[in-house]
Amino acid sequence: MPALESVRFTTYNLLNLFAADTAGDRQHYETITGVIRVLDADVLAVQEILAPDAATAAERLRRLADDAGMRCEVPGSPGSAGPSGSGSEAAVAFGGHGYHVGLMWREGIEPVPGSLRCYGGRDFWHGLALVTLDVGGTRIRHGSFHATPFSPGLRADQNVRLVAAVTRPRGEPPVLVGADWNTESADRIMGDLYEPADPYAGVEWFADLVYQCQWDYDERGHRRHWADRRPGDVLWAGGLHDAAAVTGAGWQPTTGHHPADVYGAHGVRRRIDAVRVTGPLVPALRAHRVDDTEQTRAASDHLPVTVEYLPPAAHE
């Protein structure tokens, strides 16, 4: 295929997609599909594909890709046959707890045969899917990940595992990972935090903050709390760079707008959806945006995040 001037990679948490088959759930699906079409991403990482088993998860990702005008099938290595017997597999990682992640891409972008790597509930709370795509003669690995919403300690530990999964073995192509990280960024620019404001500062304590904050008590026994950035610091220290920080994008929340968001109900606005890249892709990044529209606010409790990169620049 001809070389691409740039590639748009989007990450999007779909809010319990396929949770049921009610009229409301069918309308939710149609709204999500409409948002994906408007986004017009070249590659899309999705989280919260719900399914009771791996085969159903794969079929649901195939359905979503087809309805959105995208592809999600990765050929196996020569002579191999996937679970479907067709020699290819859908790019979906069957995670723990009923929530799964996947990758889709537009026509003309080619998955490298045998490059699909899926890590599920045995490795992560949810899952990680990785596939190498040929984007106009340059091979780039793309990933979709969903971190645990409940335990900062487990989140940090599993981020160490994630860093190993996407940076090893040596010699693999550069990597972008789109994810619901469920944590604050700890990336630094010239020694200072990219996003120094604490979204939980000034918010009266409520029980769900145990999943996002550290705390102690002052001399009068009053609780003090602040954002637990340890999971984000693991990513930064491990060489996965926040694309927003790299491009100098203005801070913009990705959650807190939706009535289903318990943190939003307490006035908390968080930026927990992001694309992170390995070092060779840092000079290739050109743009970053959060799609905040009436349609995206209605469709999910997370807003889609898109980065644009130049594939040849990843190898300079």
Exercise. Among the candidates Val210, Val262, which residue alone is of a type in the set (Val, Ile, Thr), in contact with an Asp or Glu (Cβ under 7 Å, 6 or more places away or on another chain) and surrounded by fewer than 17 Cβ atoms within 10 Å (Cβ to Cβ)?
Worked result: Val262
Seminar exercise, completed: Residue count, the stretch 1-44, condition in a helix (DSSP H, G or I), touching a residue at least 40 places away in the same chain (Cβ under 8 Å) and open to solvent by 10 Å² or more (accessible area, probe 1.4 Å), comes to 5
Seminar exercise, completed: The lone condition Pro304 fails out of (1) within 24 Å of Arg37 (Cβ to Cβ); (2) out of contact with any strand residue (DSSP E or B) (no Cβ under 6 Å at 6 or more places or on another chain) is (2)
Exercise. Which residues, counting only those in the stretch 202-215, are farther than 16 Å from Ala156 by Cα and at pLDDT 95 or above?
Worked result: Val203, Glu204, Trp205, Phe206, Ala207, Asp208, Leu209, Trp215
Problem set entry | the stretch 56-74, residues that are more than 18 Å from Cys118 (Cα to Cα), among the acidic types (Asp, Glu) and not in a helix (DSSP H, G or I) | none
For this session: Please go through the stretch 261-297 and pick out each residue that is of a type in the set (Val, Ile, Thr) and part of a loop (DSSP other than H, G, I, E, B).
Result: Val268, Ile272, Thr278, Thr293
Exercise. Is it true that some residue in the stretch 298-305 is part of a helix (DSSP H, G or I) and crowded, with 16+ Cβ neighbours inside 10 Å?
Worked result: yes
Exercise. Can you tell me which of Asp187, Asp233, Asp192, Asp218 is modelled with pLDDT of 95 or more, over 18 Å from Leu154 (Cβ atoms) and either under 17 Å from the mean Cα position of the chain (by Cα) or surrounded by 11 or more Cβ atoms within 10 Å (Cβ to Cβ) (or both)?
Worked result: Asp187
Seminar exercise, completed: Note on Asp53: of the conditions (1) of a type in the set (Asp, Glu); (2) exposed (fewer than 13 other Cβ atoms within 10 Å of the Cβ); (3) more than 20 Å from Leu128 (Cβ to Cβ), unmet is (3)
For this session: Mind counting the residues in the stretch 237-246 that are touching a residue at least 60 places away in the same chain (Cβ under 8 Å) and either in a strand (DSSP E or B) or surrounded by fewer than 18 Cβ atoms within 10 Å (Cβ to Cβ) (or both)?
Result: 2
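The values are calculated or read from the model by the stated rules, or taken from the named source; none is laboratory data. This structure is a prediction, so every number in the text was calculated from the model and none was measured. Positions of Cβ are backbone-derived with ideal geometry, glycine not excepted, and every protein chain shown enters the neighbour counts. Side chains are part of the model used for accessible areas, which takes the heavy atoms of the whole protein and leaves out ligands, DNA and RNA. Shrake-Rupley method; radii C 1.70, N 1.55, O 1.52, S 1.80 Å.
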